[in-house]
There are 2 protein chains.
Amino acid sequence: MPLAMDVKDIDRLDKIIQRGRPIQSGEHLYRAGDVFSSIYAVRSGSIKTYLVDDEGVEQITGFYLPGEVLGFDGIDNTDHGCNVVALETSTVCEIPFNRLEELTLQIPTLQRHFSQLMSRQIKSDHQMLLTLSKKNAEGRVATLLSSLSHRYSRRKLSPNALRLPMSRMDIGNFLGLTIETVSRTFSRLQKENIIDVDGREVVINNHDRLNEICHKNR
Amino acid sequence: MPLAMDVKDIDRLDKIIQRGRPIQSGEHLYRAGDVFSSIYAVRSGSIKTYLVDDEGVEQITGFYLPGEVLGFDGIDNTDHGCNVVALETSTVCEIPFNRLEELTLQIPTLQRHFSQLMSRQIKSDHQMLLTLSKKNAEGRVATLLSSLSHRYSRRKLSPNALRLPMSRMDIGNFLGLTIETVSRTFSRLQKENIIDVDGREVVINNHDRLNEICHKNR
DNA sequence: TAATTATATAGATCTATGTCAAATGTTGCT
DNA sequence: AGCAACATTTGACATAGATCTATATAATTA
């Protein structure tokens with residue numbers, strides 16, 4: 001589910017903006033209710049975003065890898081709508097929203113670029129609605145693995161050997177499953193020789209079978 | 001889940017654009033794969049959008065009422081990502097995307113306006129992720145009713161008496177439930193005197209209880 | 001290194017919701 | 001009106017995944 005920018009575009013932005021900032025694992029980049037002023041491109045590490053509803057129920061709404069852009073949910077308002085926290089030590093490029101117009105002068109395609117990123121975010125969220133609404137546990141887990149694999153390979157990393165940046169808890173929360181079900185699903189996929197799992201290290205042995213399972217419905 | 005425009009803004013747009021067009025119930029406004037050129041504001045009636053995945057599984061991604069704007073998922077590409085069909089005889093205002101820049105000259109806030117609408121679409125979709133991931137059948141149905149009620153009252157219609165524009169099938173598809181479960185849930189809410197149901201006519205007797213049930217998790 | 005705490009796996013039940021089947025109601029068509 | 005096609009409701013039963021419990025493994029701290 002790619003909502004990435006070109007690395008060279010991020011680099012250009014970063015040179016102009018000069019506001020890269022490192023975040024430690026578990027540290028919040030911002031929280032729901034904080035004043036909205038910027039969107040962020042991940043430069044290294046990984047980030048999760050999550051909602052908290054009135055009753056305190058949390059829902060992870062996305063995982064963001066290097067090159068991916070987050071924070072679009074704040075634009076309609078003065079404050080952010082979700083919480084953003086680093087899954088590991090990470091760096092981000094901050095893009096102050098009120099400088100977007102000046103920046104557009106230096107990178108003319110920027111405005112259109114942002115519209116496109118938001119559009120892809122919407123598409124990706126809709127794909128996720130289908131995943132949660134129609135797929136069973138195997139389908140959901142396989143879909144996440146497949147998505148991560150694609151995104152790793154776009155970054156010229158191996159699509160076969162992944163280190164998951166998030167805990168089983170996070171995976172379960174994101175996919176609407178309990179950690180037990182996530183764990184059992186990993187075990188089953190391993191027994192069927194589709195993947196090898198060792199904690200957060202995952203090797204995908206059979207992409208074709210994995211993609212079939214992505215479409216398993218309940 | 002409000003991603004509406006001001007009626008007077010739509011009217012201004014409509015005057016400029018002059019491309020209102022009526023659609024019959026069941027008729028498609030466009031389909032996934034059609035060339036993207038416009039976004040649309042609903043003027044009357046109601047509209048649903050849905051995805052179809054490789055296996056032919058359908059997922060309704062949203063219901064759109066008068067004043068609400070759809071089509072933002074096409075902006076990153078030359079073609080549309082989803083299907084759009086009228087739930088009843090409806091009219092829409094077509095906003096050609098390539099005229100947006102000229103239009104921005106006549107309605108200066110338009111660009112920002114669109115960013116805000118897209119941002120709200122993202123927020124609304126994230127809220128829906130939480131609904132599908134964390135709520136049980138009662139919570140999902142109550143959340144939909146509550147959302148419709150809010151959106152009706154924004155249009156100066158009664159928040160208590162609704163005519164649902166969509167079938168039980170559509171509701172089930174949207175909420176990740178079978179029609180049987182949807183039907184049983186309506187019956188249960190009626191037995192508890194929270195709503196009265198007669199086919200597609202719904203009266204909300206107790207908004208407070210309904211909102212409590214919105215947060216029922218599984 | 002041991003002690004402590006978090007994280008992950010695994011087994012045994014329970015339950016909400018799916019599946020199947022049938023009855024009833026609604027809508028459009030001739 | 002009468003029929004056909006479709007939509008909704010209701011009941012009986014099956015099951016995927018939740019819950020509860022226990023254990024094992026990894027990470028963190030003393």
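The values are calculated or read from the model by the stated rules, or taken from the named source; none is laboratory data. Treat the numbers as computed from the prediction; the structure is a model and nothing was measured. Don't worry about glycine lacking a Cβ; one is built from the backbone with ideal geometry, like all the others, and counts go over all protein chains shown. Protein only, heavy atoms only, side chains kept; ligands, DNA and RNA dropped before computing areas. Shrake-Rupley method; radii C 1.70, N 1.55, O 1.52, S 1.80 Å.
For B:Ser146, are the conditions met, namely being part of a loop (DSSP other than H, G, I, E, B), polar (S, T, N, Q) and not assigned by TED's automatic domain parsing to the domain that holds B:Ser46?
Details: part of a loop (DSSP other than H, G, I, E, B): no; polar (S, T, N, Q): yes; not assigned by TED's automatic domain parsing to the domain that holds B:Ser46: yes.
No; evaluated as a whole, the condition is false for this residue.
Take the stretch A:134-171 and flag every residue that is away from DNA strand C (no atom under 14 Å from the Cβ), touching a residue at least 40 places away in the same chain (Cβ under 8 Å) and farther than 30 Å from B:Gly56 by Cβ.
A:Arg155, A:Ala161
Which residues, counting only those in the stretch A:116-140, are assigned to a helix (DSSP H, G or I) and either within 10 Å of DNA strand D (Cβ to nearest atom) or of a type in the set (Lys, Arg) (or both)?
Taking the stretch A:116-140 and keeping what is assigned to a helix (DSSP H, G or I), we get A:116-134, A:137-140.
Of everything in the stretch A:116-140, those that are assigned to a helix (DSSP H, G or I) and either within 10 Å of DNA strand D (Cβ to nearest atom) or of a type in the set (Lys, Arg) (or both) turn out to be A:Arg120, A:Lys123, A:Lys134, A:Ala137, A:Glu138, A:Gly139, A:Arg140.
Within the stretch A:182-209, can you find the residues that are within 14 Å of chain B (Cβ to nearest Cβ) and within 9 Å of DNA strand C (Cβ to nearest atom)? Walk me through how you get there before you give the answer.
First, pick out the residues of the stretch A:182-209 that are within 14 Å of chain B (Cβ to nearest Cβ): A:182, A:208.
Across the stretch A:182-209, the qualifying residue is only A:Val182.
Please note which helices (runs of 4 or more DSSP H) are completely contained in the stretch B:153-218 and include at least 2 residues that are near DNA strand D (Cβ under 9 Å from one of its atoms) and open to solvent by less than 60 Å² (accessible area, probe 1.4 Å). So that I can check it myself, show each step before the final result.
Working: elements: B:168-175, B:179-191, B:207-214.
Filter on the stretch B:153-218 gives B:168-175, B:179-191.
Given the conditions (1) in the same structural domain as B:Phe63 (by TED's automatic domain parsing); (2) surrounded by 23 or more Cβ atoms within 10 Å (Cβ to Cβ); (3) among the β-branched types (Val, Ile, Thr), and given that B:Thr109 satisfies all but one, which numbered condition is not satisfied?
Single failed check for B:Thr109: (2).
Can you name every residue in the stretch B:82-106 that is surrounded by 14 or more Cβ atoms within 10 Å (Cβ to Cβ) and within 13 Å of chain A (Cβ to nearest Cβ)?
B:Cys82, B:Asn83, B:Val84, B:Phe97, B:Leu100, B:Thr104
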